[in-house]
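Report on one structure; see the data block that follows.
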Amino acid sequence: MIYTYLDKNIKGINSKELTQSVDCRYLESNTKNLPLDASLAVLHGTLRGMGDIIKECMKRNISWMYMDNGYLGKYKRVTMNGTAPTTFRPGKRFAHGTQLLPWRGGQGSSILVLPPSPPYMDTFDQRDFLNFIAHNVNIYTDKNIIVRAKPAKGRLARPLQEQLDDAYCVVTWGSAIALEAMRQGIPTISLGWCPAKMASKKIEDLETDAMKIEPERMSIFDNITWSSFDRNELPYAWATIMENNRCQPI
């Protein structure tokens, strides 16, 4: 049985729009447990109990469909068993007009680290992320490590572009900022579900010629078209998402 968890307000409406073509049961987001007969859970984000259901899905090896903010200016992204695309599908679903800047591998003075948000840390057991970075990145480089947490509403942060301009590479768990870094030619190291995972370098590549080698960047942007939807497409997105899930794992 498919269970769709409804968050408050528009998020719950979007979840109903996504699942209107399938046989499913709707539960409130604060429902504590995943029913025993669940074969798939549909969730929007990780707040208000959604993260607990995702953890239960992973523990019980039950598939989960995830919806959150969209890529490429689209309304929503929808992925399976991950917060970003986990498979590669050839071609593209729509023209996106991404303009790539020249590759900058080997340049820059700092390591820009983008940690997961606290709800992601709790859901995906990443509370040790920054400790891991501190004890591993500086094995391979003596460049300054700059941590940019997701700016909270009403809080100040240095302009992102200013930090990207100085970046030798961007290290992230799953931030969508990795897409902008990749577009600007900055190497990325993806340690979790990340939209730029396909082109990720490794921590061991720091300060080596591997950073100078340009990956196939445009395929990243083509691939995320398959999981990016306008609102009026949500009622028809289910088949595309299921087809994505049958493609080659990243």
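What are the GluC sites (Glu not before Pro) within segment 163-250 that DSSP puts in a loop, where the Cβ has at most 12 other Cβ atoms within 10 Å?
E216
Please list, by residue number, every one of the GluC sites (Glu not before Pro) in segment 1-103 that is coil in DSSP and has at most 12 other beta-carbon atoms within 10 Å.
none
With viscosity set to 1.567 mPa s and temperature to 4 °C, compute the Stokes-Einstein D of segment 110-216, Rh being the Kirkwood radius across alpha carbon pairs; µm²/s, no decimals.
Numbers: Rh = 14.0 Å.
Diffusion coefficient, whole number: 92 µm²/s.
Which trypsin sites (Lys or Arg not before Pro) in segment 101-173 sit in a loop by DSSP (not H, G, I, E or B) and have at most 14 other Cβ atoms within 10 Å of their own Cβ?
Filter output for segment 101-173: R127, K153, R155.
So in the chain, what percent of DSSP beta bridges are antiparallel if you round to the nearest 5? Kindly include the intermediate steps, with their values, before the conclusion.
Working: 9 of 34 bridges.
Of the beta bridges lying entirely in the chain, close to 25 percent run antiparallel.
Could you tell me which of the pairs K143/K212; K59/K201; K8/K197; K74/K201 are separated by over 19 angstrom between their Cα atoms in the structure shown?
Details: K143/K212 17 Å; K59/K201 29 Å; K8/K197 31 Å; K74/K201 27 Å.
Too far apart for the 19 Å limit: K59/K201; K8/K197; K74/K201.
When the Cα centres of segment 1-38 and segment 102-131 are compared, how far apart do they sit, in Å?
After rounding, the separation between the Cα centres reads 31 Å.
Which FRET efficiency value, to the nearest 0.05, is calculated for D142 and Q107 with the Förster distance at 22 angstrom and r the Cβ-Cβ distance?
So, using R0 = 22 Å, E works out to roughly 0.85.
If you average the sequence gap of Cα pairs under 8 Å that are 6 or more apart and divide by the length of the chain, what percent do you get for the contact order? The partial results should precede the final answer.
Numbers: 470 pairs, mean separation 58.6, N = 250.
Reported as a whole number, the value is 23 percent.
May I have the extent of the alpha carbons of segment 153-225 along their three principal axes, as whole Å values ordered from largest to smallest?
Between the extreme Cα coordinates on each principal axis of segment 153-225 lie 38, 32, 20 Å.
Hey, what do the phi angles of segment 62-76 turn into as Karplus ³J(HN,Hα) couplings, whole Hz, using 6.51/-1.76/1.60 and θ = phi - 60°, x for Gly and Pro?
After applying 6.51 cos²θ - 1.76 cosθ + 1.60, I find 10, 5, 9, 9, 10, 10, 7, 4, x, 9, 6, x, 7, 5, 9 Hz.
Between R246 and F132, what is the label-point separation in nm under the 7 Å Cα-to-beta-carbon projection?
The modelled label-to-label distance comes out at 3.3 nm.
For segment 46-130, what class follows from the C-alpha gyration tensor (a ≥ b ≥ c being the square roots of its eigenvalues): rounded when a/c is under 1.5, otherwise prolate if a/b is larger than b/c, else oblate?
Because a/c hits 1.5 or more and a/b fails to exceed b/c, segment 46-130 counts as oblate.
Residues with amide H under 5 Å of L27's amide H, sequence separation 5 or more or different chain, H placed in the peptide plane at 1.01 Å from N; which?
Those lying under 5 Å, H to H, from L27 are T4, Y5, L6.
Among V147, V137, V78, rank each residue by its count of other Cβ atoms within 10 Å, from fewest to most, as a rough exposure measure.
Fewest-to-most Cβ neighbours within 10 Å comes out as V147, V137, V78.
We did not get these values from a lab; they are worked out from the coordinates using the rules stated. Quantities reported herein were computed from a predicted structural model and do not represent experimental measurements. FYI the Cβ positions are ideal-geometry reconstructions off the backbone, even for glycines, and counts take in every protein chain you see.
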